[in-house]
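S.K.: Here it is, the structure, as structure tokens.
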Amino acid sequence: MLQENQRIYIYIASDKSFGQKDNCELDSAYNPTGPYETSKACEDMLVECYAKTYELPIYLLRFPNFIGKDDPHSERLIPGILHALKTNSVFSVRTNLDYKRQYIHVEDAARAIKQFLKLLETGEKPQFKNHFGTPHIKSTDQIIQSLEKLSGKKLDIQVQGKTGEIKSLSLSNDNALGYKYMEWEDTIRKCLT
């Protein structure tokens with residue numbers, strides 16, 4: 001059991017630290033390719049250094065791209081598609097339709113964090129790093145098709161084909177919980193309703 005006033009630190013990490021790599025495992029080397037990814041890798045290394053050097057009770061929970069309802073950031077893929085469907089406007093894809101990302105619904109992530117905290121409350125000491133790699137690895141085109149099907153609308157798409165972004169990135173599913181995720185259809189539907 002946790003002692004009263006005992007501090008435990010939970011660090012929520014991004015998959016971006018790995019750069020372009022699929023099925024990143026707990027011991028995969030960080031390989032950032034741009035400034036944003038490098039900043040994430042630096043954060044992760046600082047957390048790992050503090051945990052090791054000062055023997056702090058820190059747990060790293062790493063998630064892929066969060067998705068959910070009412071995300072106001074239309075510059076991101078799914079909110080951008082939803083905005084274009086709602087307003088009947090052109091959807092502009094910065095990169096290409098075959099770029100792949102991994103997704104987790106915010107409700108799944110919140111449940112996983114709560115379950116992890118409950119595990120800690122029992123006094124168990126789970127592994128330091130945990131990856132919540134869902135089976136939901138989708139290309140831009142697959143996301144568009146899913147949302148068109150659910151909305152019953154067809155998007156007018158413009159592909160810019162810009163380079164410089166990661167083409168494919170995903171995490172292994174290696175966590176102390178053996179967490180079970182929502183099915184993709186439920187995950188993407190919850191973004192609409």
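Laboratory data are not the source of any read-out in this text; all were calculated from the coordinates shown. Given the structure is predicted, the values throughout are model-derived calculations rather than measurements. For neighbour counting, all protein chains shown are included, and Cβ atoms are generated from backbone atoms with ideal geometry for every residue, glycine included.
S.K.: Cα-Cα over 24 Å: which of LYS100/LYS125; LYS100/LYS149; LYS100/LYS190; LYS40/LYS162?
M.R.: Values: LYS100/LYS125 34 Å; LYS100/LYS149 19 Å; LYS100/LYS190 20 Å; LYS40/LYS162 22 Å.
The answer is LYS100/LYS125.
S.K.: Under a plain spin-label model, where a point goes 7 Å from the Cα along Cα-to-Cβ, how far apart in nm are TYR36 and ASP98?
M.R.: About 2.2 nm separates the two model spin labels.
S.K.: Using all alpha carbons of the chain, what is the percent of pairwise distances in each 10 Å bin, ordered from the shortest bin to the longest?
M.R.: Values per bin, smallest distances first: 8, 32, 33, 18, 7, 1.
S.K.: While we're looking at this one, here's another question. Using DSSP to call loops (not H, G, I, E or B), can you name the GluC sites (Glu not before Pro) in the range 123-173 whose Cβ has at most 10 other Cβ atoms within 10 angstrom? Could you put the intermediate results ahead of the total?
M.R.: Details: sites: GLU124, GLU148, GLU165; in loops: GLU124, GLU165.
Answer in residue order: GLU124.
S.K.: Next up: List the DSSP H helices in the chain whose Cα atoms stretch 20 Å or more along the helix axis and whose mean Kyte-Doolittle hydropathy is at least 0.0. All intermediate terms of the calculation are to be shown ahead of the outcome.
M.R.: Numbers: long enough: 35-53 (26 Å, -0.51); 106-121 (22 Å, 0.12).
Helices meeting the span and hydropathy rule in the chain are 106-121.
S.K.: Another question, then. Highest mean first, what order results for 105-116, 34-45 on Cβ atoms within 10 Å? Don't skip to the end; give the middle numbers.
M.R.: Working: 105-116: 17.2, 34-45: 15.2.
Descending packing order for the listed peptides: 105-116, 34-45.
S.K.: Is any residue of the range 62-80 close enough, with backbone N under 18 Å, to a label point placed 7 angstrom from the Cα of ARG189 along the Cα-Cβ axis, and if so, which?
M.R.: Correct set: 67-70.
S.K.: Can you give me the pair-distance distribution of the range 122-167, C-alpha pairs, 5 Å bins, whole percents?
M.R.: Computed distribution, short to long bins: 4, 13, 15, 16, 14, 11, 7, 6, 8, 4, 2.
S.K.: Quick one: putting +1 on the C-beta of Lys and Arg, -1 on the C-beta of Asp and Glu, what dipole do you get for the range 105-144 around its Cα centre, in Debye to the nearest 20?
M.R.: Details: 6 positive and 5 negative charges, 29 e Å.
The dipole magnitude comes to about 140 debye.
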